[in-house]
Amino acid sequence: MSADGRRNGPDEVAERALLARLAAAEPHGPKLLSGLVERLRAAGRLRDVIEPGGEPGTEPGAAAVGRTAVAGIAYDSRRVMPGACFVAVPGSHSDGHAYVDAAVVAGAGVLVVERPRSPGEVAPAVQLVVDRSQFALATVAAWWYEDPAATLGVVGITGTDGKTTTAGMAVAALEAAGVRTGLVSTADLKIGDVRAGALAHVTTP
């Protein structure tokens, strides 16, 4: 264990290196909300834009909304930072809409929701009303991270059993062919030459 109390086993060192690479890849500086509004509209997901004052997003109000600065994105209210966009995703066990208040308290400036709240309850946040938050989250992430799939080859493996094994075999085959790889699986996370056990064991990483 190091002087600062952190564990220093091989797994912990690799985990810290992996987290450092992820942090380094995080976009720096705010982005204007207008870009996200355009992306959601183009994807057919956007149903309405509700300003903090409660009016639909029409000119000149829409222009002001578009100039809203977004400092980050999150679908977990505990990870919301001031100025972030919080995406409320309904799940089988928990509904992100139940955490909208917590997100606003944490400083969320934009809420992506299926069921909008009274503007006074979530002021000063802007609400982007979408048809399906889960699908909209993919658009939000692609916008924030500047479409990584446009320059990275992506292989998705689905099924009941054998996904992790198949992913590992695919990585081994690609690397044997000289292709630099990354991996997200139930068991492992990998970025280039840094590999660590999955930070959270989930069946759908």
Quiz item: Here are some values of Kirkwood radius over Cα pairs in Å: [x] 21.8; [y] 19.0; [z] 17.3. Which one was computed from this structure?
Solution: [y]
Self-check item: Length-normalised contact order of region 31-144 in % [C-alpha pairs under 8 Å, at least 6 apart]
Solution: 31 percent
Quiz item: Put +1 on the Cβ of each Lys and Arg and -1 on the Cβ of each Asp and Glu in region 31-144; which of Ala64, Ala141, Leu36 then has its Cα farthest toward the positive end of the dipole?
Solution: Ala141
Practice problem: Using only alpha carbon pairs under 8 Å that are at least six residues apart, calculate the relative contact order of region 93-167 and give it in whole percent. | Solution: 21 percent
Exercise. Compare the peptides 124-135, 39-50 by average per-residue count of other Cβ atoms within 10 angstrom and give them in order, highest first.
Key: 124-135, 39-50
Quiz item: What length, rounded to one decimal in nm, is gained on full extension from Ala138 through to Ala198, with 0.36 nm per residue of separation minus their alpha-carbon distance?
Solution: 19.5 nm
Exercise. Using a Gaussian network model of the chain whose springs link C-alpha atoms within less than 10 Å, name the residue from Ala25, Ala173, Ala108 with the highest mean-square fluctuation.
Key: Ala173
Self-check item: For the chain: relative contact order, % (alpha-carbon pairs under 8 angstrom, 6 or more apart)
Solution: 19 percent
Practice problem: Return one number: the angle in degrees, 0 to 90 and rounded to the nearest 10, between the long axis of the Cα atoms of helix 10-25 and the longest principal axis of the Cα atoms of the chain. | Solution: 40 degrees
Quiz item: Where the only charges are on Cβ atoms (+1 Lys, Arg; -1 Asp, Glu), what is the dipole of the chain about its Cα centre, to the nearest 20 debye?
Solution: 200 debye
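Computed from the coordinates by the stated procedures, all read-outs in this text should not be read as laboratory data. Values in this document were obtained by computation on a predicted structure and should not be read as measured data. When we count neighbours, we look across all protein chains shown, and the Cβ atoms used for this are built from the backbone with ideal geometry, even at glycine.
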